[in-house]
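The structure appears right after this line, and notes come after that.
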Amino acid sequence: MKRFLWALCLVFISPNVVSQEKISIDVSLDPKLALMRDDYGNTPFTLNSLVNFSVQLQQLEYGYYFFGQSVEYANLSGGKYFRYSILQVGYTFNKFPFLDRIEASMALNYGIVKRWTFDFSNFGAIFNLSYALTDRLRISSLMQVVRRTDIENPNDSEEIYRTSFFLGLRFDVFGTNVM
């Protein structure tokens, strides 16, 4: 275990890994729950927010890898929903011909849902499309698919997946260039 921790530290300290220069925060809201009633009894103006924290790794030919964490909070009619993604790993494509202000990202994550005083482990995926307004600020649309273990029936083997759509902003907070 000690060797694994040392190897992990060396990977994250390496200049090849931390040379992208950006740590970013995304803040997004679900416009559907904010504007209309859904099939689960949620009324308009139901809050469903998502905040992503990510570190962008070295720029490659077509894009870069990133890792981070995310927090989602929703004030749902069936009980408050709080999801914390412990680990999120993905890739962002940012080298498109004639589209230098567009980025497309995809990531997988593993998280914990806290609901009804219980903890439920789950996994999910995100797909993000963003447009640069300035060098540090982007407008983004994000689709998230999450396995909802908190609403699955323990006596049934059927897995339940929910899709959410978010609109928001991404802000590059600061750089981490060590070169």
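The values are calculated or read from the model by the stated rules, or taken from the named source; none is laboratory data. In this text, all values refer to a predicted model and were calculated from it rather than measured experimentally. Positions of Cβ are backbone-derived with ideal geometry, glycine not excepted, and every protein chain shown enters the neighbour counts. These accessible areas exclude ligands, DNA and RNA; they are computed on the full protein's heavy atoms, side chains included. Shrake-Rupley method; radii C 1.70, N 1.55, O 1.52, S 1.80 Å.
General observations
- Residues located in the stretch 101-148, provided they are of a type in the set (S, T, N, Q), crowded, with 17+ Cβ neighbours inside 10 Å and more than 14 Å from G90 (Cα to Cα): N122, S130, S140
- Among the residues making up the stretch 145-166, a single one is of a type in the set (G, A, S) and in contact (Cβ under 8 Å) with a residue 40 or more places away in the chain: S164.
Residue-wise test of (1) touching a Leu at 6+ places or on another chain (Cβ under 6 Å); (2) open to solvent by 40 Å² or more (accessible area, probe 1.4 Å); (3) modelled with pLDDT under 85.
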{"site": "V11", "(1), (2), (3)": "no, yes, yes"}
{"site": "Q20", "(1), (2), (3)": "yes, no, yes"}
{"site": "D26", "(1), (2), (3)": "no, no, no"}
{"site": "Q59", "(1), (2), (3)": "no, yes, no"}
{"site": "Q88", "(1), (2), (3)": "no, no, no"}
{"site": "L99", "(1), (2), (3)": "no, yes, yes"}
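Let's see how each residue does on (1) touching a strand residue (DSSP E or B) at 6+ places or on another chain (Cβ under 7 Å); (2) within 18 Å of V27 (Cα to Cα):
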position: G78; (1), (2): no, no
position: N94; (1), (2): yes, no
position: S105; (1), (2): yes, yes
position: V113; (1), (2): yes, no
position: F123; (1), (2): yes, no
position: A132; (1), (2): yes, yes
position: I139; (1), (2): yes, yes
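- Y64 assigned to a strand (DSSP E or B), more than 18 Å from S105 (Cβ to Cβ) and in contact (Cβ under 8 Å) with a residue 24 or more places away in the chain: no
- Test result for S70, of a type in the set (S, T, Y), under 21 Å from R147 (Cβ atoms), at pLDDT below 95 and touching a Lys or Arg at 6+ places or on another chain (Cβ under 9 Å): yes
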